[in-house]
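None of the figures in this text is laboratory data; all of them are computed from the coordinates on show. Remember, it's a predicted structure, so these values are computed and weren't measured experimentally. Neighbour counts run over all protein chains shown; Cβ positions are idealised from the backbone, glycine included.
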């Protein structure tokens, strides 16, 4: 751990875990490769959590992060279809919420944060999280 300079933070690993979990479910041609990646991510998360206490607030932020990633996945799928059903502004707004959730994890467990919270998040009041 003392040799780390700029490796992924805990929240970035958790974010990657939620996305890779979606890939394992939705891109079944590479299920085993995603399972291997998940094992590697979980391994690194366990190292980072060795002396950390996980609180309910951290778990809530993880749930929000996973939920936002799922909605982004579905929304971007619609955009890629070109049917006009997707909304890129929604994806940008959800990314703002996603970054807020990642920052909450970092605030509780320590580590660097991402200070760019997409201003479009304010345009999607229905998605507002009751932190």
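To the nearest 10 degrees, how steep is helix 88-109 against the longest Cα principal axis of the chain, on a 0 to 90 scale?
For helix 88-109, the angle is close to 20 degrees.
Percent of Cα-Cα pairs per 10 Å bin, from 0 to the last occupied bin, for the chain, please list those.
12, 38, 34, 14, 1
Is it possible to state the helix-based mean residue ellipticity at 222 nm for the chain, with each DSSP H run of 4+ residues giving -39500 (n - 2.57), the sum divided by total residues, to the nearest 500 deg cm²/dmol? What is it? It would help to have the intermediate numbers written out before the result.
Numbers: 4 runs with 83 residues, N = 131.
Per the formula, -22000 deg cm²/dmol.
Treat the count of other C-beta atoms within 10 Å as a stand-in for reagent exposure and order 68, 104 from fewest to most. Walk me through the intermediate numbers first.
Details: 68 25, 104 21.
Fewest to most other Cβ atoms nearby, the residues stand as 104, 68.
Counting other beta carbons within 10 Å of each residue's own, what order do 29, 44, 85 fall into, fewest first?
Numbers: 29 7, 44 15, 85 11.
Neighbour counts put them in this order, fewest first: 29, 85, 44.
Can you figure out the FRET efficiency of residue 49 with residue 131, using R₀ = 25 Å and their beta-carbon distance, to the nearest 0.05? Kindly include the intermediate steps, with their values, before the conclusion.
Values: r = 22 Å, r/R0 = 0.87.
That gives a FRET efficiency of 0.70.
What's the extension gain from residue 112 to residue 7 if we count 0.36 nm per residue and subtract their Cα-Cα distance?
On the way: separation 105, 0.36 × 105 = 37.80 nm, distance 1.07 nm.
Value of the extension gain: 36.7 nm.
In what order do 26, 124 fall by count of nearby beta-carbon atoms within 10 Å, going from fewest to most?
Details: 26 13, 124 16.
Lowest count first: 26, 124.
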